[in-house]
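Engineer: Please see the structure below; I have some questions.
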């Protein structure tokens, strides 16, 4: 075997040995990971930037965890309110690893154990907060304030796990069937009471408006009647004044004109029949043009 053949044979073997050696003495940390170096089970380093780092095979073990935001979607749980009424609460939490060394010591890096321990702390905080409130406060009050308070409490309680709780959210609050019916009946009674109160206030306002309208109508009619009587009185006075002036100017003509008006009225087109003596005062102008007897 010549030298070139030997080189061609040993080169792949050498490269394989280098790759095996490099992989055995190095480890890679991704952007989304945190890593711990252990020596015989004891943590010796927990601060590694993304990239390639060295280790001693057999002597060092490397533990990697995902440091991205994790979601814990808990099963709905029953909690008691201050009224000793059950509510079924469905919640979830957002968390991430904050202290890798403490996380490994507390949970062993086991995701199932982490979820169980974190769920216990979340349920404890939920139980405490719901136990301070009534059903109405839980359902109708500002839920955002409640969730902010829960996030602070759970984050404080989960500090020993080496994780940071970013957010705790209540997705849904339900009532058990035996509680729902009583709550609905109470809500229905309350709505009916409010409706009756509103109808009573509306009826009172309607009566007040109607009475005010009737008063204004009476006042308007009285003022109009007063004004009409004043105008009629002024017209009658003016008419009497005109009659008086006319009569004073020529009493005989005025008497004649009034008699003609009386004839027109009495002997009009209605076909009325009157029986009077010929020498009656009513016919004086028929006997004499001057109206004198």
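Every number here is computed from the coordinates shown, using simple stated rules; none is lab data. Source: prediction; values computed, not measured. Note that each Cβ is placed from the backbone with ideal geometry, even for glycine, and that neighbours are counted across all protein chains shown.
Engineer: What's the ranking of 152-159, 54-61 by average number of surrounding C-beta atoms within 10 Å, highest first?
Structural biologist: Values: 152-159: 17.2, 54-61: 12.0.
Descending mean neighbour count gives 152-159, 54-61.
Engineer: Roughly how many nanometres apart are two label points built 7 Å out from the Cα toward the Cβ at residue 136 and residue 199?
Structural biologist: In this crude spin-label approximation the distance works out to 2.2 nm.
Engineer: When the chain is fully extended, how far beyond the present Cα-Cα distance does residue 181 get from residue 169, taking 0.36 nm per residue of separation?
Structural biologist: 1.7 nm is the gain from fully extending residue 181 to residue 169.
Engineer: Another question about this same structure. Taking 0.36 nm per intervening residue step and subtracting the Cα-Cα distance, what contour gain separates residue 45 from residue 149 on full extension?
Structural biologist: 34.0 nm
Engineer: Same structure, new question: Expected output is a single nm value to one decimal: the length gained when fully extending between residue 207 and residue 90, i.e. 0.36 nm times separation in residues minus the C-alpha distance. What is it? Show your work: numbers first, answer last.
Structural biologist: On the way: separation 117, 0.36 × 117 = 42.12 nm, distance 5.10 nm.
Fully extending the segment from residue 207 to residue 90 adds 37.0 nm.
Engineer: Still on this structure, please answer the following. If packing is taken as the average number of other Cβ atoms within 10 Å across a peptide's residues, how do 243-255, 35-47 rank, most packed first?
Structural biologist: 35-47, 243-255
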